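The values are calculated or read from the model by the stated rules, or taken from the named source; none is laboratory data. If you're wondering where the values come from, they're calculated on a predicted model, not measured in any experiment. No Cβ is skipped: glycine too gets one built from the backbone with ideal geometry, and neighbour counts run over all protein chains shown.
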Amino acid sequence: MALVGQHVLSIDQFKRAQLESLLEVGAMVEPIAQRKMRCNVLSGAVMANLFFEASTRTRLSFHTAFARLGGSVSDTTGFTFSSISKGESLRDTARVIAGYADAIVMRHPDIGSVAEFARGILVPIINAGDGAGEHPTQALLDYYTIYKEFSRLGKKIDGMSIAMVGDLKHGRTIHSLCKLLQCFENIRFHLVCPDNLRLPKVLIERLKQAGHRVYEYDNLQQGLAGADVIYATRIQKERFANPQEADMSYGESLRIHRDSVARYGEKEVVIMHPLPRDSREGAFDLSEDLDELSQLAIFRQADNGVTMRMALFACVLGVENQLTRYLTPNRLFVPTRYSEYDAPFYRFDE
Ligand code: NCD
């Protein structure tokens, strides 16, 4: 695949055929992510995992993905323990780390910072979130999740309807997912949010120009109607100039809970969220009363992060065609599912 040696900075760089090939590599590495098989194709390789902004799943899933392919990981978190706090430029840090690692993953609070870091560096760098900008690997795992959930339901991404709910202005996962879905055909986007958190106009225009239909709503009743997927997001309080505005932005009326799905949603609607969901009182994020619904895909979605990041590492390091040679059965204990509440694993082709 043409991804070998490439930086992954924006989802814009992927064409539909490439997305579909990545999905196939994802299906190939999934038994490794699910611990049925072991693989050491990246034995001896080192990944530098640089997180200058809060993260649990993204940082750990990148780490897990690299390690499950046999590589090792060097981590740094926050600015405090980094030389950036001594005034070092991103450019200098990048050049130094390029001398140590085979691949670099970076999250940073500023839009464009990962691209700046990558400028002139020849070791592949993957954007794990640059402020309110983009989160391309989240979009890849969201795509894989929709594909897998739909294959169970006999649905296709072309022609689907997706309700995006929450902070559409600052949510980088939303921005990247819109750009990814733009490659497909005839999608109906229901954008559901308060007026001050609307999706940037430039993204709405791009979707329309690509032939998709975009509808904006300020209520769940219209927003959820007919949707095949609900993609809920957290209010990104840390990105507001005035954090009090964040608290006042959203209310119970836009909170998705079991009752609103039952009243306004389709019976088989797939419910997604990039996580973390804000479970604090008054946060109005995706309600926990949805947890027993089988169509709540949020934890399967997080699991898929390891799979798709493995697929991406295999492709940017040029070993996607060698995976089978480095596979061995896993001899360790492996549960058949991750928690008592999960359904047993299924593959998207089952
Ligand atoms: C998201 C992020 O960091 O943009 N989380 C994630 O990576 N899964 C969403 C969020 O923080 O709300």
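Residue count for the stretch 157-209 under the criterion of being in a strand (DSSP E or B), crowded, with 20+ Cβ neighbours inside 10 Å and either within 16 Å of the ligand (Cβ to nearest atom) or not small (Gly, Ala, Ser) (or both): the result is 7. The selection criterion, being assigned to a loop (DSSP other than H, G, I, E, B), touching a residue at least 40 places away in the same chain (Cβ under 8 Å) and not polar (S, T, N, Q), holds for Ala101.
If we scan the stretch 145-156, do we find a residue that is within 16 Å of the ligand (Cβ to nearest atom) and part of a helix (DSSP H, G or I)? Scanning the stretch 145-156, I find at least one residue that is within 16 Å of the ligand (Cβ to nearest atom) and part of a helix (DSSP H, G or I), so the answer is yes. Of the numbered criteria (1) away from the ligand (no atom under 16 Å from the Cβ); (2) under 28 Å from Ile157 (Cβ atoms); (3) among the aliphatic types (A, V, I, L, M), the one Leu9 fails is (1).
As an exercise: evaluate Ala65 against (1) within 14 Å of Met106 (Cα to Cα); (2) within 16 Å of the ligand (Cβ to nearest atom); (3) surrounded by 21 or more Cβ atoms within 10 Å (Cβ to Cβ) and give the number of the one condition it does not meet. Checking Ala65 against (1) within 14 Å of Met106 (Cα to Cα); (2) within 16 Å of the ligand (Cβ to nearest atom); (3) surrounded by 21 or more Cβ atoms within 10 Å (Cβ to Cβ), the one that fails is (1). In this entry, Leu290 passes the filter for residues that are touching a residue at least 12 places away in the same chain (Cβ under 8 Å) and away from the ligand (no atom under 16 Å from the Cβ).
Matching residues to (1) out of contact with any helix residue (DSSP H, G or I) (no Cβ under 9 Å at 6 or more places or on another chain); (2) more than 16 Å from the ligand (Cβ to nearest atom); (3) modelled with pLDDT of 95 or more; (4) not basic (Lys, Arg):
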| position | (1), (2), (3), (4) |
| --- | --- |
| Ala232 | no, no, yes, yes |
| Gln236 | no, no, no, yes |
| Arg239 | no, no, no, no |
| Pro243 | no, no, no, yes |
| Glu252 | yes, yes, no, yes |
| Arg255 | no, no, no, no |
| Ser279 | no, no, no, yes |
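Of the residues Ala302, Ala283, Ala311, the single one that is over 23 Å from Val46 (Cβ atoms), part of a helix (DSSP H, G or I) and within 23 Å of the chain's Cα centre (by Cα) is Ala302.
Would you confirm, using the coordinates I've provided, whether Val73 is more than 16 Å from the chain's Cα centre (by Cα), part of a loop (DSSP other than H, G, I, E, B) and closer than 27 Å to Arg337 by Cα? So Val73 fails the test. Is it the case, given these coordinates, that Thr58 is of a type in the set (Ser, Thr, Tyr), touching a strand residue (DSSP E or B) at 6+ places or on another chain (Cβ under 6 Å) and within 14 Å of the ligand (Cβ to nearest atom)? So Thr58 fits the description; yes.
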